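Engineer: Before anything else, here's the structure in question.
Values quoted throughout were computed directly from the atomic coordinates according to the rules given, and no laboratory measurement underlies them. For clarity, every value in this text was computed on a predicted model and none was experimentally measured. Here the Cβ positions follow ideal geometry from the backbone for every residue, glycine too, while neighbour counts run over all protein chains shown.
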Amino acid sequence: MNLTDPVADFLTRIRNAISARHQKVDVPASKLKAEIARILKEEGYIANFKLTEEEGHKVLRVYLKYGSNNEAAISEIRRISRPGCRVYVRRTEIPRVLGGLGINILTTPRGVMTGRQAKREGVGGEVLCEIN
């Protein structure tokens, strides 16, 4: 299986798992996906994640988070920058998601971080996705 956009695949698997009300979802692991998962956990969108290995392949297992009345912590997860159309922003142009209620995830020269962190650190970068 040849994926041209592993991040979009990762986000889609999470989206599908949520709509099917799964507790966890497995995705092929990469450093970037692990960083995205770390941010999702820090921001409270997923319960947990861990890196494991199955049949010689590294797997990122994401444990999804649901509220008391079974609604998912993630209501929308959207890819912004795609391989065919990269979206870069300066530190002054970092968009707010849902008026500050959602988050966006950026890859910056200082690593993967939320838009809020990037603004605080004064760096721009590529907008990977937004979550709310």
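Engineer: Consider only pairs whose beta carbons are under 9 Å apart and that are at least six residues apart or on different chains; among these, list those whose first residue lies in the range 28-46 and is in contact (Cβ under 8 Å) with a residue 12 or more places away in the chain and surrounded by 21 or more Cβ atoms within 10 Å (Cβ to Cβ) and whose second residue is in a helix (DSSP H, G or I) and among the small types (Gly, Ala, Ser).
Structural biologist: ILE46/ALA37
Engineer: Here is a follow-up. Give me a count of the residues in the range 43-78 that are farther than 15 Å from ILE18 by Cβ, among the hydroxyl-bearing types (Ser, Thr, Tyr) and not in a strand (DSSP E or B).
Structural biologist: Of the residues in that region, 1 qualify.
Engineer: Another question, if that's okay. Looking at the range 107-132 only, could you name the residues that are assigned to a helix (DSSP H, G or I) and hydrophobic (A, V, I, L, M, F, W, C)?
Structural biologist: Within the range 107-132, ALA118 is the sole residue that qualifies.
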